[in-house]
C-alpha cells in the first residue's frame, strides 16, 4: 500500500510526481511574479503620469474625501503609521497639493486640507490598482475570498514573510520608499522585465 502513496525513488511514477511538483511550483512563482510586475508597472505609471506614488495618492484621496483631517485621522483611514503619513503630507504640502491649518475650535490641532490642484490631480489620475482589486474581490463569494486569503497567508509563511510589516497599499517597494519617491522619477524598484 505504501508504494501506491509513495512510489519508489527512480520509478517512472516518482519522476512524474517530481515533475508535477516542479511544474506547480513554477506556476505559483510565475503568478507571484505577475502580481509583483503589475504592482511595479502601475506604481511607475502613476509616478510618471501624475508625479504621485500610490501611498501619496491614497493619502490625498482620503484628505479630499473628508475635506480636512488631522494627520492622525488620515493615518487611521489609510492604515499607515503616523510617521509615514507625516512624511507623505510633508511631500504633498511641498508640491502645493495640501495645506496645514489650525483648527478653529482647538488651536492645538493641525488639520490637513487638499488644495484645488489636488482635486484636479486626483480627477486626472488613473484609479489605484488596489481599488480595482478591492471591487473585484468584493464580488467573490465569501468562501472564495476566504480561500484566497488563506492561500496568500500560507504563501507568505512559506516565504518567511508572515511577520513582515505591511500596509494595505499596492505599491512597489516599501510604503516608506514609495512615499519618499520624488515627483518625476520612476519610483525606483526593480526593472519590471528583470528576474
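The values are calculated or read from the model by the stated rules, or taken from the named source; none is laboratory data. In this text, all values refer to a predicted model and were calculated from it rather than measured experimentally. When we count neighbours, we look across all protein chains shown, and the Cβ atoms used for this are built from the backbone with ideal geometry, even at glycine.
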Subject >> Of all residues in segment 122-136 being assigned to a helix (DSSP H, G or I) and in contact (Cβ under 8 Å) with a residue 24 or more places away in the chain, the one that is nearest to residue 49 (Cα to Cα) >> reply: 124
Original post:
Any idea which of (1) over 15 Å from residue 131 (Cα atoms); (2) at pLDDT 90 or above; (3) in contact with a helix residue (DSSP H, G or I) (Cβ under 7 Å, 6 or more places away or on another chain) is the one residue 70 doesn't satisfy?
Top reply: (3)
Subject >> Filtered residues of segment 141-169 (kept if in contact (Cβ under 8 Å) with a residue 12 or more places away in the chain and closer than 19 Å to residue 29 by Cβ) >> reply: 155
**OP:** Pairs only if they're at least six apart or on different chains, beta carbon under 9 angstrom, first in segment 9-36 and under 16 Å from residue 159 (Cβ atoms), second modelled with pLDDT of 85 or more and part of a helix (DSSP H, G or I); list them, first residue then second.
**Re:** 28/155; 32/155
